[in-house]
């Protein structure tokens with residue numbers, strides 16, 4: 001069962017929340033972060049290279065030192081203040097009129113190593129190392145990871161009661177148009193019951209977004225445990241910051257593909273070869289968004305096509321084989337376009353569905369890319385099936401939106 005705990009959050013005063021909060025570190029580059037960062041923005045801590053000259057090595061030791069310096073400065077100036085009591089928090093996000101409610105808690109590192117926290121993506125050692133250094137030098141988890149868990153009615157009821165009983169501590173709409181709402185759970189009975197419900201009703205949690213931060217948080221805990229001869233497993237450093245959303249509230253959006261060339265084929269030849277494994281039909285100039293599994297949109301030379309995978313070309317009993325990203329990778333990207341390694345091949349790029357299908361058209365029409373594919377989104381059930389069976393999703397399969405805002409609450413490892 002999942003082990004979580006309340007913690008003494010470090011967070012901005014109510015009036016500064018929208019100013020301190022920022023997009024997460026990994027959805028922007030240094031130049032974008034430099035443009036977005038206002039005086040009090042958390043970006044000065046999570047992307048501290050922006051306080052150096054453009055082009056400065058973001059992995060230099062002095063950059064990590066700057067993060068620690070800024071974290072201390074933000075606390076000294078009262079831009080971040082630590083709660084005196086251990087609490088849970090509720091973080092809700094609104095997009096397109098739909099709101100999802102997550103519970104902010106400390107997740108235990110042991111759950112990561114013993115498989116209670118389940119993952120569905122591979123991580124890259126260099127990215128893990130970067131986030132580890134950032135956690136260690138600040139002795140804090142600056143940014144939460146995005147978890148999901150099998151919905152529990154009583155947990156939903158507690159969240160509903162808190163949300164309906166008092167005004168949110170923070171409530172603002174970010175520049176991207178998404179709403180962010182934040183409540184403090186400070187009732188002792190509620191806190192106790194939330195902990196008990198996770199320990200008795202939540203067998204597993206799932207990393208939805210933030211695999212590198214999850215790995216880094218767990219590895220820092222493991223390292224501190226080894227360095228403490230009196231380690232008990234209950235120390236604050238055993239926990240890292242996570243927002244837990246019920247699985248029935250989450251929606252994954254499409255993650256689309258664009259390719260630079262047709263691997264030597266003419267457009268006519270490529271369309272002919274597609275007919276081996278797909279029913280191909282031209283649908284005109286209006287963008288085509290797939291409406292069901294095993295159906296794809298393709299944009300080529302100003303026209304959209306509908307591709308339907310033929311029976312027998314996929315395996316619905318295989319948690320990986322059933323995925324549309326697998327079908328497209330095997331039957332089109334690999335077999336026809338010669339793209340075998342999605343992580344390293346420079347001929348392919350990936351476009352989050354939040355950008356819309358117009359972004360696919362733009363990149364093909366301007367000559368940057370030759371062909372684009374629109375995808376039917378992966379479902380939460382597929383993600384959970386893959387994690388439960390110990391499988392790993394193909395690269396660039398899931399896109400969660402909205403992203404968690406960083407800086408609404410921070411978890412210190414020493415309290």
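The values are calculated or read from the model by the stated rules, or taken from the named source; none is laboratory data. What you see is a predicted model, and the numbers here were worked out from it, not measured in a lab. Here the Cβ is made from the backbone with ideal geometry for all residues, glycine too, and neighbour counts use every protein chain on show.
If you go through the stretch 374-384 and keep only what is out of contact with any helix residue (DSSP H, G or I) (no Cβ under 6 Å at 6 or more places or on another chain) and within 30 Å of residue 301 (Cα to Cα), you end up with 374, 377, 378.
For the stretch 180-190, filtering for residues that are outside any helix (DSSP H, G or I) and more than 27 Å from residue 402 (Cβ to Cβ) leaves 1.
If we scan the stretch 213-223, do we find a residue that is surrounded by 23 or more Cβ atoms within 10 Å (Cβ to Cβ), out of contact with any helix residue (DSSP H, G or I) (no Cβ under 7 Å at 6 or more places or on another chain) and not assigned by TED's automatic domain parsing to the domain that holds residue 334? Checked against the condition, which is being surrounded by 23 or more Cβ atoms within 10 Å (Cβ to Cβ), out of contact with any helix residue (DSSP H, G or I) (no Cβ under 7 Å at 6 or more places or on another chain) and not assigned by TED's automatic domain parsing to the domain that holds residue 334, the stretch 213-223 yields no hits at all. For the stretch 191-211, indicate whether the set of residues that are under 19 Å from residue 9 (Cα atoms), part of a strand (DSSP E or B) and touching a helix residue (DSSP H, G or I) at 6+ places or on another chain (Cβ under 6 Å) is non-empty. Checked the stretch 191-211: no residue is under 19 Å from residue 9 (Cα atoms), part of a strand (DSSP E or B) and touching a helix residue (DSSP H, G or I) at 6+ places or on another chain (Cβ under 6 Å).
Would you mind stating whether residue 370 is touching a residue at least 40 places away in the same chain (Cβ under 8 Å), surrounded by 19 or more Cβ atoms within 10 Å (Cβ to Cβ), within 22 Å of residue 121 (Cα to Cα) and touching a strand residue (DSSP E or B) at 6+ places or on another chain (Cβ under 8 Å)? When the stated conditions are applied, residue 370 does not pass them.
Among the criteria (1) in contact with a strand residue (DSSP E or B) (Cβ under 8 Å, 6 or more places away or on another chain); (2) surrounded by 16 or more Cβ atoms within 10 Å (Cβ to Cβ); (3) at pLDDT 95 or above, the one residue 267 does not fulfil is (2).
Looking only at the stretch 385-411, residues that are in contact with a helix residue (DSSP H, G or I) (Cβ under 7 Å, 6 or more places away or on another chain) and outside any loop (DSSP other than H, G, I, E, B) come to 2 in all.
Residue 84 fulfils the conditions (1) at pLDDT 95 or above; (2) in contact with a helix residue (DSSP H, G or I) (Cβ under 9 Å, 6 or more places away or on another chain); (3) over 11 Å from residue 242 (Cβ atoms) except for a single criterion, (2). In the stretch 134-159, the residues that are surrounded by fewer than 17 Cβ atoms within 10 Å (Cβ to Cβ) reach residues that are part of a loop (DSSP other than H, G, I, E, B) with C-beta atoms within less than 6 angstrom, at least six apart or across chains, in these pairs: 139/413; 139/414.
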